[in-house]
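Reading through the structure tokens given below for one structure.
Computed from the coordinates by the stated procedures, all read-outs in this text should not be read as laboratory data. Just so you know, these numbers come straight off a predicted model, no measurement behind them. Note that each Cβ is placed from the backbone with ideal geometry, even for glycine, and that neighbours are counted across all protein chains shown.
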Amino acid sequence: MKGLWDKYLNSGNSQHEVSKDLSEETSRVMSTLDLSSGMIDETVSTWMSGLGPEPDKSSLANPDSNESPVLSIDRVLTTGLNEDLFSEQDIRMWDDALGASGSKSSLSWRHVFTVDSWRRQQLERLAARVYGFRSMLVCQMSSLVLADLLTARISPKMWADLFEMRLIPVVEHGNAPLLNGRILCISQDPSDKSTREYVNSISQFQAELAYADGPVVSGLLDLVSQHIPAVGAAVQVSKPILKKVGPSFRSTKRAA
């Protein structure tokens, strides 16, 4: 097949004159393929188009550029680059900033908002989508009722741990605050390994991790701690306070 296509490219014949031969040869080749296995030689389409595969933007290799290429980026940045959420120049700028900080790590999406803070929510939303965590609309009133019900199952220490990890059990809009089913816990970074491991370890209820924007998570943490006394007390116990010692202050913790 490739020989026939090369012959066409090197000849002076028109496309019309050779199209019949190409069609017959394509049919013959396709008839010999085992289509049931789902394996089709991708080089056939390459020969027919006369083009090579589309370059991978994630490599960011540009032989005509004097800038050093970024050799590798993570799935989130690759997706954002392919969707034109940011440019190759942005990637290089972030990588240069990472290198200037003395880090020898490959550039990741979490590194980006340490040098470009306004990108944080955009990247957190993108990461949640890339890693398959759904976003949801939260009902504040039902979530307050749920938190009150959960105080019978969740210890003060666990409430403190949840707040420290910026995790909060919530009720999705349109649902009832029930304890006998799956309970959603929202996080602004559900793909974080420690967050996922913690949610998977919860035995007090059946938990499902979901995504919500940072301001939504912060607002619900404040709402629950202010309106559910047991939660508020647990969270305050875990917070360090400043105690004056002479002219200076030192950090201590409230007694339980």
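Once you order the gyration tensor axes a ≥ b ≥ c over the Cα atoms, which shape class does the range 140-241 get: rounded for a/c under 1.5, otherwise prolate or oblate by comparing a/b with b/c? Walk me through the intermediate numbers first.
Details: a/c = 1.26, a/b = 1.08, b/c = 1.16.
Verdict is rounded for the range 140-241.
With a 10 Å radius around each residue's Cβ, average the other Cβ atoms per peptide and rank 141-150, 79-88, highest first. Write out the running numbers ahead of the final one.
On the way: 141-150: 18.8, 79-88: 14.9.
Those peptides, ordered most packed to least, come out 141-150, 79-88.
How far apart, in nm, are the 7 Å Cα→Cβ label points at Ser194 and Val115?
Taking the simple label geometry, Ser194 and Val115 are separated by 2.4 nm.
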